[in-house]
């Protein structure tokens, strides 16, 4: 089978959220990430080089199109064409409150930068966080840039979009943490092995409605503590440091 | 004064390392970062809007060129033109071994991604690390993309380029740390308030010659500990988590 113009158009259209939502599909590019995702998501179309195919004889997809890199480039959003790209079906995750109650979960309040979202998934995966609850206006995890930045973590971390404020209000019994510039030194606080850690928007932090639902306000101290700083940590970095601190206590 | 073609060429040429090295200059773009840097570095040329100038009446530069955004766009490397861009003289930092001996220092072994380098400067700034020693093949901190990503931290953290392996060999008395996949659980190790933390290349980690000079091999445990993972943390993220762990002990 070859890469028709229609096929190229169908693939590249997945750079747009509207098309992804309507089709229920998303695009992943790059040999390693496609390989990672093939074992988790149903693959509609796999476009790859002969070499990739030979290295992955068991790769399954409804349709497999072998193509030269120059041809793959036409369907690719990347600057240098990958050895494989694939169209996957978006999974339909449901929120399992049994798991959320017992485990550590991240909640993202309006994270807008795709790179940040991807980095957050990657660090969540490292620290064994299985669920991320996102406000509906958080960046789309199926944006190809996010998929790329997760380095495969999207295959292991379930991402849910919902009315975050309502979700937190309906689950007020679960310990809920957030970072604030006037929060308490995270290193000195008691942290539970389960709970929801809320991370806020890149510019505005955690919104007012949601901050009222947070039971413990944390702060990652800068150093030295007395040094005034007008700066802040990038939200993905802060997420990693907070997760590290929670897991340190649990190990 | 207006923005001549020659001036535009001189400014945009600073996207290239060769030109930056020869001229001893670098470019910063964006109102906030230019503002941050004006108080630290000697400014050769400030190109800004009338509004920026009115908001920063004390800004000093050898030459100040007021221009409309559309005109600034011609000299800008950014997709949307900033309210200010500025050409600064590169500082000539020398390595103060008195400070390195007593404080916590980062060493970067062939960090190649400009975004990672910028993020590392930003998190170093947050945790009060004043010096970063880079191998000569680490990305150039004066690359406009790095300057941008530091969010102003470049004004507070001194970055030095040197033969890193030789530097570490000549200073073997200083505690030297590095992260390795087979290192020891960082949460359980004794960490000194001073020392050099070596972070390695994005793909290859710490090079062999340098790893022999490391006195304590650390590892950031993934969670749960028994879960095998083929993944790794991004180097900037790992840097942030390691710095947080060192500073936690010192606070």
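The values are calculated or read from the model by the stated rules, or taken from the named source; none is laboratory data. If you're wondering where the values come from, they're calculated on a predicted model, not measured in any experiment. All Cβ positions, even for glycine, are placed from backbone atoms using ideal geometry, and neighbour counts span all protein chains on display.
A few remarks follow.
- Test: residue A:195 is away from every other protein chain (no Cβ under 14 Å), surrounded by 23 or more Cβ atoms within 10 Å (Cβ to Cβ), in contact (Cβ under 8 Å) with a residue 40 or more places away in the chain and within 18 Å of residue A:239 (Cβ to Cβ): no
- So residue B:49, is it outside the structural domain of residue B:152 (by TED's automatic domain parsing), over 20 Å from residue B:142 (Cα atoms), surrounded by 14 or more Cβ atoms within 10 Å (Cβ to Cβ) and in contact with a helix residue (DSSP H, G or I) (Cβ under 9 Å, 6 or more places away or on another chain): yes
- Tally of residues being loosely packed, with under 15 Cβ neighbours inside 10 Å and not in a loop (DSSP other than H, G, I, E, B) across the range B:202-217: 2
- Selection of strands (runs of 3 or more DSSP E) fully inside the range A:56-158 by the criterion of at least 3 residues being within 19 Å of residue A:240 (Cβ to Cβ) returns A:104-108, A:131-135.
- Taking the range A:173-201 as the range and being part of a loop (DSSP other than H, G, I, E, B) and more than 21 Å from residue A:127 (Cβ to Cβ) as the test, only A:173 passes.
- For the range B:20-29, a tally of residues being in contact with a strand residue (DSSP E or B) (Cβ under 8 Å, 6 or more places away or on another chain) and within 17 Å of residue B:47 (Cβ to Cβ) returns 5.
- In the range B:165-176, the residues that are more than 12 Å from residue B:101 (Cα to Cα) form Cβ pairs under 7 Å with partners that are surrounded by fewer than 16 Cβ atoms within 10 Å (Cβ to Cβ) and at pLDDT 95 or above, at six or more places apart or across chains, as follows: B:165/B:209.
- Yes/no for residue A:108 being away from chain B (no Cβ under 14 Å) and either touching a helix residue (DSSP H, G or I) at 6+ places or on another chain (Cβ under 9 Å) or farther than 22 Å from residue A:215 by Cα (or both): yes
- Checking each residue of the range B:172-184 against the condition of being within 14 Å of another protein chain (Cβ to nearest Cβ) and crowded, with 18+ Cβ neighbours inside 10 Å gives at least one match.
- On the stretch given as the range B:201-220, residues that are touching a residue at least 60 places away in the same chain (Cβ under 8 Å) and either in contact with a strand residue (DSSP E or B) (Cβ under 6 Å, 6 or more places away or on another chain) or closer than 26 Å to residue A:156 by Cα (or both) total 4.
- Leading residue by the ranking (surrounded by the most Cβ atoms within 10 Å (Cβ to Cβ)) among those in the range B:221-249 that are in contact with a strand residue (DSSP E or B) (Cβ under 8 Å, 6 or more places away or on another chain) and more than 7 Å from chain A (Cβ to nearest Cβ): B:239
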